[in-house]
1. Just checking, which of TYR182, TYR196 is outside any helix (DSSP H, G or I), under 24 Å from TRP118 (Cβ atoms) and either modelled with pLDDT under 95 or not acidic (Asp, Glu) (or both)?
2. Test GLU519 against the criterion of being among the acidic types (Asp, Glu), without any contact (Cβ under 8 Å) to a residue 12 or more places away in the chain and not in a strand (DSSP E or B), and give yes or no.
3. Name the pairs whose Cβ atoms lie under 9 Å apart, with the first residue in the stretch 243-259 and assigned by TED's automatic domain parsing to the domain that holds ASP184, the second part of a loop (DSSP other than H, G, I, E, B) and among the acidic types (Asp, Glu), and 6 or more positions between them or separate chains?
4. Where in the stretch 59-148 are the helices (runs of 4 or more DSSP H), entirely inside, with at least 2 residues that are β-branched (Val, Ile, Thr)?
5. Within the stretch 301-341, track down each residue that is touching a Pro at 6+ places or on another chain (Cβ under 7 Å) and among the polar types (S, T, N, Q).
6. When you go through VAL310, VAL347, VAL333 one by one, which is the residue that is of a type in the set (A, V, I, L, M) and more than 25 Å from GLU54 (Cβ to Cβ)?
7. Answer with yes or no whether ASN112 is within 26 Å of LEU447 (Cβ to Cβ), of a type in the set (S, T, N, Q), touching a strand residue (DSSP E or B) at 6+ places or on another chain (Cβ under 8 Å) and in contact (Cβ under 8 Å) with a residue 40 or more places away in the chain.
Amino acid sequence: MKNRKTLMSCLLVALCVGSVSAKERRISVEEYRDKMKAGWVGQIVGVALGAPTEFKFRDKIMPADEMPTWRPELINNAFTQDDLYVEMTFLRSLEQYGLDVSIRQAGIDFANSEYPLWCANLAGRTNLRKGIAPPDSSHPQFNSRANDLDYQIEADYSGLIAPGMPNTAIKMGEKFGRIMNYGDGVYGGQFMGGMYAEAFFEEDPVKLVQAGLKCIPQGSHYAEMVRDLLRWYEESPNDWQGVWHKVQRKYREDPEYQKGATGGSVDVRINGAYVVMGLLFGQGDPDQTVIISTRCGHDSDCNPSSSAGVLFTTMGFSKLPARFNTGLNEQTVFTHTAYNFPALLDVCEKLTRQSLLKAGGRIERNALGQEEFVIPVEEPVPSPLQLTWAPGPIANSRYTEAEMQLITAGPSFDFIKFAPDWDMKDLGWHMNPGLKARLRGKKNVYLTHPLDRQTPCVLSRTLEVPSGKTTKLHLVVGHHPEGDWTLVVKVDGKPLKTQVIGADTTTNGWLTVDVDLSEYAGRNIVLALENKASKWFWEAAYWATIEVQSE
């Protein structure tokens, strides 16, 4: 009888242990940091290797002989890449304000970033600086680039601070992804975050992709693309180029799947497909994963950065081939951030501890005395379905005057420093406007861009033209090497001079323009300078000098 009771007790304990293990996952803090570090290194490897190929291969496969070869010295070439420094802005907001930082504060922090941006990021930041708060900063009514890939290439952090916690990554997308993206643009980032979260516990690329798929609305184009690739891979696991053509026909040539794709080569669906293709057809090989994602084309540094980041996380830094984990300068600070590599790892661990406790997990010590994260197993709860081409209503979210006082960066602030007597309106967000340290051989040049094809960017001021003196407007203006624009000088709304600024009218890209204002002596006038579109191709105006001279 005693032996029978002992046996029953052992069976009961075994059942209890099995039940707990089915509901929890464990990973030591040491292993977590090793895998998380590898995730960051994977991003570096992908973007550093693919950088020379970015957008050089659009709608065609890169020939094998044009694929760059990895060299270990490239490991330190990504400290200035937007694939990395933008997401560190999000980490900084989380570090300073906690996991519950409001989306409005996250938007203020992003608005105050001073690094170059493009596409949805730039449109979103421009909206923020105008007072359009998130989530409206990403709404298609205000942001025509909402379906671009921006949050997809910046969402790595969300899974790296949420091992085994996909819902944390999903919530990060609703907070930070909604600053600049909408619909599929957000889902691409949540998909990536979900794969990273699973990569701490799973090595099979197919299962990683399936885990990411669970994190997004199944009715979205993005989810359909992922399902297509899983099926096409199963049908032809050794023919990635054949599958590339299937992707091209459906997600580039079928008008139904071009809805919302105003960004063309930076559309989130096509570039997301290339990330998935690298993971699936790379079949766990780090070199092939990067090569395939790069050779697929379009944004061919961001895409291998994402696929390598996920795969390297599964491997861990200590188990990476030596060519990928040696020579890293861990003291270099990522540009526009507060982090070098040790600081980056520390803030990720700090946020992971917070995420774990918030998700109902705990931290214990194992038999070896090591700290372990004990993580509850959870089913992903995707965000609601939103369609960029058929968006829901806006939230009418605007920053208050007090909040606007906290936004202290951007082209308008730079312009006050550059031309303190002038005002600016209708500044377009193309070509990264603002004050540039150097452009085409000149220092401290201000770059503007028309708002759209019909609406010029206008610089204006009220001027009292002195009597008894010769007064003139003195300008030194330039243009992008591949474009031109039209300068219109107006006084009280009347055109005084119109001049095309382009290769045929400038010397070394620059032109001096003097406009006599003497006929207005003794009068108060409104002087306006228009940066007007010519052909809507590289229409930026370069302003090196804007002066009113009297003698």
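1. Numbers: TYR196 fails: outside any helix (DSSP H, G or I).
Step by step, each of TYR182, TYR196 is checked, and only TYR182 is outside any helix (DSSP H, G or I), under 24 Å from TRP118 (Cβ atoms) and either modelled with pLDDT under 95 or not acidic (Asp, Glu) (or both).
2. yes
3. Taking only residues 6 or more apart or on different chains, the pairs are GLN248/ASP59; ARG252/ASP59; GLU253/ASP59.
4. By residue number, 82-97, 103-111.
5. Scanning the stretch 301-341 gives a single hit, THR326.
6. On the way: VAL310 fails: more than 25 Å from GLU54 (Cβ to Cβ); VAL333 fails: more than 25 Å from GLU54 (Cβ to Cβ).
Only one candidate qualifies: VAL347.
7. Working: within 26 Å of LEU447 (Cβ to Cβ): yes; of a type in the set (S, T, N, Q): yes; touching a strand residue (DSSP E or B) at 6+ places or on another chain (Cβ under 8 Å): no; in contact (Cβ under 8 Å) with a residue 40 or more places away in the chain: yes.
No, not satisfied.
Quick grid of which residues meet (1) outside any strand (DSSP E or B); (2) surrounded by fewer than 20 Cβ atoms within 10 Å (Cβ to Cβ); (3) of a type in the set (A, V, I, L, M, F, W, C):
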| position | (1), (2), (3) |
| --- | --- |
| GLU403 | yes, yes, no |
| TRP429 | yes, no, yes |
| ASN444 | no, yes, no |
| LEU447 | no, no, yes |
| GLY468 | yes, yes, no |
| LYS472 | no, yes, no |
| VAL477 | no, no, yes |
| GLU482 | yes, yes, no |
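The values are calculated or read from the model by the stated rules, or taken from the named source; none is laboratory data. Note that this is a predicted model, so its numbers are computed, not measured. With ideal geometry, Cβ positions are generated from the backbone for all residues, glycine too; neighbour counts draw on all protein chains shown.
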